[in-house]
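The values are calculated or read from the model by the stated rules, or taken from the named source; none is laboratory data. Since the model is a prediction, treat every value here as computed from it, not as a measurement. Methodologically, a virtual Cβ is constructed for each residue, glycine included, from the backbone with ideal geometry; neighbour enumeration extends over all protein chains shown. Surface accessibility is based on the protein's heavy atoms, side chains included, excluding ligands, DNA and RNA. Shrake-Rupley method; radii C 1.70, N 1.55, O 1.52, S 1.80 Å.
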Amino acid sequence: MILDSESYNLTNAIEALVEESPDGEIKPELMESVLEIATSPCRDAREAETQLRALRRQVAETAARKGLCIGAAGTHPFALWEDQRISGSERYRELVSALRFVARQEIIFGLHVHVGLDDPDKAIHVSNGMRVHVPVLLALSANSPFWRSQATGLASTRMPIFRAFPLTGLPPAYRDWDDFESRIGFMVESGVIQDYTFLWYDIRPHPNLGTIEVRAMDVQTRVEHTMALAALIQAMVKELAEHYEAGGELATYPHEMLEENRWLAARHGLDAELVDLPHKRLVATKELARRLYDRLRPHAEELGAEDQFEGLKDIIERGTGSWRQQVVFEANHDFTEVVREIVAATQA
């Protein structure tokens, strides 16, 4: 979020902040009040964390010189979409022309994690397997309890706002790479999308980059939480890749049950009860998160990401970004105070 340093409102000032960076990319997004930073491809989580901290530091310092500041959360607590200008790129203007209000009201901020894979059919196997993990990832990342000066009652308000876009939510399961290529090719040949990047699912193979991209999470205020989620996703991908290499078959579950778990996670965050799919029973989300922590920690250690992975404990034991925002708000019912705290934690 690009913010005025006095009012803490969103500010249409992206052109003042886009600049070269040795640690990745600093670039515009759909709206002029939104800044995207992206690390370069990294060998491991340690390198990604170093780049991410450097990028945040660079944009914060640049913003400060221009009377601005930077904050990271899934939504801005009191901003209005009516006040936001659309960025000048052709893609974004065409997007607004096609989607109208759906695109204009999308003042939301997400975290995308890419993990490289070496085989297209393996990528489809991993993508299919990651679908069951989306609700827990969403619950752990929930960081958007406020919208247009309202407490929404949701841990992740960002999720239902983005759900208004076409081709969002959990992706379908694909048989293999040929099935994925055929189905997306049908849409491209029909003229309804230009290419696969117009699929905005929670998970998608990204053949141009050779990655699986996980897009389900709210952006994180704290760097350590960003890196904890990235390390968790990398460990999940490693486990599923090894499952594929061993000839394993994925369990199948009703799509509507996966979507219901996703909704429960957005509504309640880590306080949700999700359906433990193999056993068809409700289980506390924190319990599911702890099970994943215990099961995947050895994978994180093999990947050299054990330090980043430990950040999950802070989220599970001390609360998500959404919960922390609500604690600040409950003291004085002051949304400006909430954003001020977000800014401070973003730059820590």
Please determine, by comparing only the residues of the stretch 260-271 that are surrounded by 15 or more Cβ atoms within 10 Å (Cβ to Cβ) and of a type outside the set (A, V, I, L, M, F, W, C), which one is nearest to Ser141 (Cα to Cα). Gly269
So which of Leu312, Leu274 is part of a helix (DSSP H, G or I), buried (at least 17 other Cβ atoms within 10 Å of the Cβ) and among the hydrophobic types (A, V, I, L, M, F, W, C)? Leu312
Looking only at the stretch 48-85, how many residues end up being in contact with a Leu (Cβ under 6 Å, 6 or more places away or on another chain) and part of a strand (DSSP E or B)? 1
Within the stretch 81-99, which residues are open to solvent by 90 Å² or more (accessible area, probe 1.4 Å) and either under 27 Å from Val192 (Cβ atoms) or free of Cβ contacts under 8 Å to residues at least 60 places away in the same chain (or both)? Glu82, Glu90, Arg91, Arg93
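Being out of contact with any strand residue (DSSP E or B) (no Cβ under 6 Å at 6 or more places or on another chain), closer than 23 Å to Ala173 by Cα, part of a helix (DSSP H, G or I) and not β-branched (Val, Ile, Thr): is that true of Glu260 here?
The answer is yes for Glu260.
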Quick one: which of Val338, Val283, Val327 is open to solvent by 60 Å² or more (accessible area, probe 1.4 Å), among the β-branched types (Val, Ile, Thr) and modelled with pLDDT of 95 or more? Val327
Scan the stretch 200-228 for residues that are more than 12 Å from the chain's Cα centre (by Cα), of a type in the set (D, E, K, R) and under 23 Å from Arg91 (Cα atoms) and jot them down. Arg204
For the stretch 225-257, how many residues are surrounded by fewer than 15 Cβ atoms within 10 Å (Cβ to Cβ) and not in a helix (DSSP H, G or I)? 7
All but one of (1) modelled with pLDDT of 95 or more; (2) open to solvent by 20 Å² or more (accessible area, probe 1.4 Å); (3) assigned to a loop (DSSP other than H, G, I, E, B) hold for Asn128, so report the exception by its number. (3)
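For (1) within 17 Å of Val223 (Cα to Cα); (2) hydroxyl-bearing (Ser, Thr, Tyr); (3) in contact with a Pro (Cβ under 9 Å, 6 or more places away or on another chain), each residue gets a yes or a no:
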residue	(1), (2), (3)
Met31	no, no, no
Thr39	yes, yes, no
Val59	yes, no, no
Gly67	no, no, no
Gly88	no, no, yes
Leu117	no, no, yes
Lys122	no, no, no
Arg131	no, no, yes
Do you know which residues across the stretch 110-125 are assigned to a loop (DSSP other than H, G, I, E, B) and closer than 11 Å to Val237 by Cα? Leu117
So for the stretch 180-199 (the condition being under 21 Å from the mean Cα position of the chain (by Cα), aliphatic (A, V, I, L, M) and farther than 22 Å from Ile315 by Cβ), does at least one residue qualify? yes
Just to be sure, is Phe78 open to solvent by 10 Å² or more (accessible area, probe 1.4 Å) and in contact with a Gly (Cβ under 6 Å, 6 or more places away or on another chain)? no
How many residues are in contact with a Leu (Cβ under 9 Å, 6 or more places away or on another chain) and closer than 30 Å to Gln326 by Cβ when one looks only at the stretch 105-142? 16
Among the numbered criteria (1) touching a Leu at 6+ places or on another chain (Cβ under 9 Å); (2) surrounded by fewer than 18 Cβ atoms within 10 Å (Cβ to Cβ), which single criterion is violated by Glu302? (1)
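Inside the stretch 100-109, can you point out the residues that are open to solvent by 40 Å² or more (accessible area, probe 1.4 Å) and outside any helix (DSSP H, G or I)?
Scanning the stretch 100-109 gives a single hit, Arg100.
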